[in-house]
Amino acid sequence: MKKTITLTVFVFLMLFAACESNPIYFRLSSDYFPVSPTGATWEYSIDGGGSKIVTVVDQTIVGERPCWRFQSGADYSYWINEKGKLEKYEDHTVMFNGFKVPIYQAWITMFDWPLVNGMVRRDSVSAQAVSQGVTLSHTWIRNQIVSGPEVSPDGAWSDCYRVHQEEMVINWIQTAGFDPETTVSVRNIWLAPDVGIVMIQSTDSLITLTSFTGGEE
Amino acid sequence: MYKTMILMLVISAVVMAGTIDVAVESASITPIGGWGKNLSNGLAGGLYGSWLFSPKFRAGLAIEGSVFGDGNQGSASFTQIKPMATVSFYMRPHGRIFNPGFVMAFGYNRSRLSSGDGVDPVSWDPFWRAGIRWNFSLGSPWRAGLGLDLEGVMASEKSGDAFRLTFGVSREIQL
């Protein structure tokens, strides 16, 4: 009987010993885009010189929803990370006659949690506004595909997800002398567990996280 | 498929003679430790076969599957498949109403996370379970058991721990 039990246990262990293991529960429990608390700071170096500091400033209300305000230089961005998704307040403007004309403001989901390899997301906006008697039209399309888990290109962060983003903006000032203006931007964003964005690679820049401070609850 | 066949062969080899107890269990699984924050509670179902070394002590093999949905009406889905070896001890094996028992299980767990069109790499990790049972008779030869378990998947960096409320129906078969 002893031999039978030993044999059973041995076969059982051999059967599964060769199977792949990865930290799937760690990834599930991690926050890939922390938006709080106040004081959390990310310092990035910009390839070719310069740096960028992003800080969680405070909680505020935007678009009738409580959210976290991020500051980077003179720019603010607004984020909500709850109910299984990360949302960003998109504030789109079109330049016309030297003025920034607001054309679209709303909360748009950026990621659904949990991130998974091969996940695809497409968001789009189509809006119009009239300024000085001229119609301005705006189309914004963002396609995203998630891959990973992988190590960040600088080797500093493991279990990252890479988000490949393709963003297209078509602005058209519908009056004589103007044609639709199309801008396409492509970037890869690496998100590390419980840290957030650790690297952004686009066609003309590379931004790398140099330090992260979690702030105080 | 070949793994299932080998498992069946192992079960056959172990149970060559004597009495076996065959059970079907269903369970509700509550993740603990944060890994289920974007998932719903899990539902599990399993098939258990145990060889009775004595009326009180039994050991065997089992396979269980569980599924967790998205906790926020999204498209995430998380599944576990757990082939395991089980050991159990019951204090009053012929008690009609109250037969308390203890169960332990060890094995491997296959975890798979998917969402939309995406699938993460599957992970195989060692797995354990410990729990208590309230076993009672449903009229010979059928018995039933209610139980509470604590289980853990020993994945790298963080374990996947959970509470498990279970109900099962079993019967003994003389070979």
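Residues to consider are A:72, A:45, A:21; find the one that is at pLDDT below 95 and touching a strand residue (DSSP E or B) at 6+ places or on another chain (Cβ under 6 Å). Before the answer, list the steps.
Details: A:72 fails: at pLDDT below 95; A:45 fails: at pLDDT below 95.
Just one listed residue meets the conditions, A:21.
Could you identify the single residue in A:185, A:137 that is small (Gly, Ala, Ser), within 24 Å of residue A:206 (Cβ to Cβ), out of contact with any helix residue (DSSP H, G or I) (no Cβ under 9 Å at 6 or more places or on another chain) and outside any loop (DSSP other than H, G, I, E, B)?
Within the list A:185, A:137, the selection yields A:185.
Have a look at B:113, B:47 and point out the one that is free of Cβ contacts under 8 Å to residues at least 40 places away in the same chain, within 11 Å of chain A (Cβ to nearest Cβ) and in a strand (DSSP E or B). Full working, then the answer.
On the way: B:47 fails: within 11 Å of chain A (Cβ to nearest Cβ).
From the options B:113, B:47, the qualifying one is B:113.
Tell me which residues, restricted to the stretch A:58-104, are within 14 Å of chain B (Cβ to nearest Cβ) and within 28 Å of residue A:46 (Cβ to Cβ). Steps first, answer last, please.
Pass one, the stretch A:58-104, residues within 14 Å of chain B (Cβ to nearest Cβ): A:80-87.
Once the filter is applied, which keeps residues that are within 14 Å of chain B (Cβ to nearest Cβ) and within 28 Å of residue A:46 (Cβ to Cβ), the stretch A:58-104 yields A:80, A:81, A:86, A:87.
Determine which member of the set B:66, B:123, B:77, B:114 is in contact with a helix residue (DSSP H, G or I) (Cβ under 8 Å, 6 or more places away or on another chain), of a type in the set (S, T, N, Q) and closer than 28 Å to residue A:20 by Cβ. Before the answer, list the steps.
Working: B:66 fails: in contact with a helix residue (DSSP H, G or I) (Cβ under 8 Å, 6 or more places away or on another chain); B:77 fails: in contact with a helix residue (DSSP H, G or I) (Cβ under 8 Å, 6 or more places away or on another chain); B:114 fails: in contact with a helix residue (DSSP H, G or I) (Cβ under 8 Å, 6 or more places away or on another chain).
Unique residue meeting the criteria: B:123.
Among the listed residues A:153, A:149, which satisfies the condition of being closer than 29 Å to residue A:27 by Cβ, under 25 Å from the mean Cα position of the chain (by Cα) and part of a loop (DSSP other than H, G, I, E, B)?
Details: A:149 fails: part of a loop (DSSP other than H, G, I, E, B).
After ruling out the rest, the residue left standing is A:153.
Any idea how many residues of the stretch B:83-92 are away from every other protein chain (no Cβ under 11 Å) and surrounded by 18 or more Cβ atoms within 10 Å (Cβ to Cβ)? Can you show your working first?
Residues of the stretch B:83-92 that are away from every other protein chain (no Cβ under 11 Å), as a first pass: B:86, B:88-92.
If we keep only those that are surrounded by 18 or more Cβ atoms within 10 Å (Cβ to Cβ) as well, we get B:86, B:88, B:90.
Total meeting the criteria: 3.
Return only the number of the condition from (1) within 17 Å of residue A:197 (Cα to Cα); (2) assigned to a loop (DSSP other than H, G, I, E, B) that residue A:45 does not satisfy.
(2)
Go through the stretch A:48-81 and give me each residue that's part of a strand (DSSP E or B) and among the small types (Gly, Ala, Ser).
Taking the stretch A:48-81 and keeping what is part of a strand (DSSP E or B), we get A:51-62, A:65-72, A:75-81.
A:51, A:72, A:77 - these are the residues of the stretch A:48-81 that are part of a strand (DSSP E or B) and among the small types (Gly, Ala, Ser).
Hey, can you tell me all the residues within the stretch A:124-146 that are away from chain B (no Cβ under 14 Å) and either among the hydroxyl-bearing types (Ser, Thr, Tyr) or within 17 Å of the chain's Cα centre (by Cα) (or both)?
Scanning the stretch A:124-146 gives A:124, A:126, A:131, A:135, A:137, A:139, A:140, A:141, A:142.
Just give me the residues in the stretch A:163-194 being in contact with an Asp or Glu (Cβ under 9 Å, 6 or more places away or on another chain), among the aliphatic types (A, V, I, L, M) and closer than 20 Å to residue A:116 by Cβ, in sequence order. First the steps, then the outcome.
Within the stretch A:163-194, the first condition is being in contact with an Asp or Glu (Cβ under 9 Å, 6 or more places away or on another chain), and the residues that meet it are A:169-173, A:183-187, A:190, A:192-194.
Within this subset, residues satisfying the condition of being among the aliphatic types (A, V, I, L, M) are A:169-170, A:173, A:184, A:186, A:192.
Passing the criteria: only A:192.
Tell me, which residue of the stretch B:123-162 that is part of a loop (DSSP other than H, G, I, E, B) and more than 7 Å from chain A (Cβ to nearest Cβ) is surrounded by the fewest Cβ atoms within 10 Å (Cβ to Cβ)? If you could, list the steps in order and put the result at the bottom.
Filtering the stretch B:123-162 down to residues part of a loop (DSSP other than H, G, I, E, B) leaves B:140-141, B:154-159.
Subset that is more than 7 Å from chain A (Cβ to nearest Cβ): B:140-141, B:154.
Details: B:140: 10, B:141: 12, B:154: 16.
The selected residue is B:140.
The values are calculated or read from the model by the stated rules, or taken from the named source; none is laboratory data. Just so you know, these numbers come straight off a predicted model, no measurement behind them. Cβ: placed from backbone, ideal geometry, glycine included. Neighbour counts: every protein chain shown.
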